[in-house]
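Down below is the structure, laid out as structure tokens.
The values are calculated or read from the model by the stated rules, or taken from the named source; none is laboratory data. What you see is a predicted model, and the numbers here were worked out from it, not measured in a lab. Cβ coordinates were reconstructed from backbone atoms using ideal geometry, including for glycine residues, and neighbour counts include every protein chain displayed. Calculation scope for accessible area: heavy atoms of the full protein, side chains included, ligands and nucleic acids excluded. Shrake-Rupley method; radii C 1.70, N 1.55, O 1.52, S 1.80 Å.
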Amino acid sequence: MRTVVEHQRVVAALFGAPEPSRVAVPQSLGLATFTDVDAPLPLPGFDNSAMDGFAVRAADLADASTDSPVTLPVAADIPAGRTDDLTLEPGTAHRIMTGAPMPAGADAVVPVELTDAVVGPVAAAPTVTFTAAPERGKHIRRGGSDIEFGTRALPAGTVIGAPQIGLLAALGIAEVTVTRRLRVVVLSTGSELVEPGKPLRHGQIYESNGAMLTAAVTEAGAIGRHLHFVPDNTADFAARLDEVADDADLIITSGGVSAGAFEVVKDALSATGTVEFVKVAMQPGMPQGCGHFPSTRGTRVPIITLPGNPVSALVSFEVFIRPALRAAMALPADRERVEARLGADIRSPRGKRQFLRGVLDAGHLDGAVGVDPIGPPASHHLRYLAEADALIDIPADVEAVEAGTLVEVLVLR
């Protein structure tokens, strides 16, 4: 059997190098910058007030105190957004709002609360009285104090979140070059599958893997497209793949890869000679396949075939596809691996690396995080998969682990 690490390498090799894409800034959320982004202008773009108050010349108020207040005439109002150039003449003050441009000649701002002016949306008094000498430069945001023109705003490889979008927007950048988001088609097979919302007949089940894997693809940062499942017919299956091959960077299938008599995925793709079906020494998820699907138009799209049991399918996605998919989009691995203290004895089949569902709990007295196994190991127990927030990673050469032992855990949330 192939080891987990060996199959991870084979899956990763299906993906090419990250590719650039130019997108509008709002659409860049969750993607990585492909190149450095330099500031096309300084931030702030001009000296502006950090407070609602009065722009003054500090020298005019050098002798101001509570015993000797200084009163100045208010020569102008400067709201945020005023665009004309103003000059503060000696011996005067300008009422100024937060974010408004500083007038030439002013070298300090006195907050309105430190004057006798009325706070609020009322007409400005013709004069204002100060009872303290302001410090030069006080309450002024200098142009370029946040970022200077030409400075690197975001280095290549930065994953764009809300703060990064805010910075790009503030810099007036409408589009940014990011690593292209990959398009992934998800397809389930099985004549027993029925679309949720429709009535079931005896022997039928609702199709869940397609929706689950499409959600996993989306969570990983790619574009997931869920195709309606096809019955167990190799010709129909191959035709469906051929329809979508040109619009996908990856195809994921679930089901039809074991050793049964109606393994449509395995039967259809084995004939191409471009997809390899193997057994991986793991539980769950032993039957795996990957390679390229050759379309009738000469294109070759990577394809990964997962087992049909839901737990096997999602565990396989987490172990093999998610890390490779994110790396192909230049996104960092986002599943943390931690050591946790096992809450119960467990057994594991020798020769297979086991991924048990687990629930993390708060730290123990020694500071270690705890993890409790949840549910039986069988691959159809979807309920326990939904409750789990971790996978307990048991090495292939271990048959039993006692409670209290530190084990490696893959954190799912």
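Quick notes on this structure:
- Residue check for Asp47: in contact (Cβ under 8 Å) with a residue 40 or more places away in the chain and farther than 27 Å from Pro155 by Cα: no
- The set of residues in the stretch 86-120 that are assigned to a loop (DSSP other than H, G, I, E, B), over 10 Å from Ala55 (Cα atoms), open to solvent by 60 Å² or more (accessible area, probe 1.4 Å) and modelled with pLDDT of 95 or more comprises Glu89, Pro90.
- Residues of the stretch 267-307 that turn out to be closer than 30 Å to Leu412 by Cα, open to solvent by less than 40 Å² (accessible area, probe 1.4 Å) and not hydrophobic (A, V, I, L, M, F, W, C), as a count: 9
- Residue match in the stretch 236-251 (condition: touching a helix residue (DSSP H, G or I) at 6+ places or on another chain (Cβ under 6 Å), open to solvent by less than 10 Å² (accessible area, probe 1.4 Å) and not in a strand (DSSP E or B)): yes
- Residue list for the stretch 24-46, filter: surrounded by fewer than 17 Cβ atoms within 10 Å (Cβ to Cβ) and closer than 30 Å to Gly81 by Cβ: Ala24, Pro26, Gln27, Leu29, Asp38, Pro40, Leu41, Gly45, Phe46
- Of the residues Ala220, Ala215, Ala248, the single one that is free of Cβ contacts under 8 Å to residues at least 60 places away in the same chain, at negative phi and of a type in the set (Gly, Ala, Ser) is Ala215.
- Any chance Pro134 is buried (at least 19 other Cβ atoms within 10 Å of the Cβ) and either under 18 Å from the mean Cα position of the chain (by Cα) or part of a loop (DSSP other than H, G, I, E, B) (or both): yes
- Here Pro377 passes the criteria (1) assigned to a loop (DSSP other than H, G, I, E, B); (2) open to solvent by less than 60 Å² (accessible area, probe 1.4 Å); (3) under 30 Å from Ile205 (Cα atoms) except the one numbered (2).
- For Ser270: the one exception among (1) hydroxyl-bearing (Ser, Thr, Tyr); (2) touching a Pro at 6+ places or on another chain (Cβ under 7 Å); (3) without any contact (Cβ under 8 Å) to a residue 40 or more places away in the chain: (2)
- Val185 meets the conditions (1) assigned to a strand (DSSP E or B); (2) open to solvent by 60 Å² or more (accessible area, probe 1.4 Å); (3) touching a strand residue (DSSP E or B) at 6+ places or on another chain (Cβ under 6 Å) in every case but one. The failed one is (2).
- The listed residues are Leu314, Leu342, Leu356, and the only one of them that is open to solvent by less than 20 Å² (accessible area, probe 1.4 Å) and either under 16 Å from Val409 (Cβ atoms) or touching a residue at least 12 places away in the same chain (Cβ under 8 Å) (or both) turns out to be Leu342.
- Where Ser191 falls short, out of the listed (1) part of a helix (DSSP H, G or I); (2) surrounded by fewer than 21 Cβ atoms within 10 Å (Cβ to Cβ): (1)
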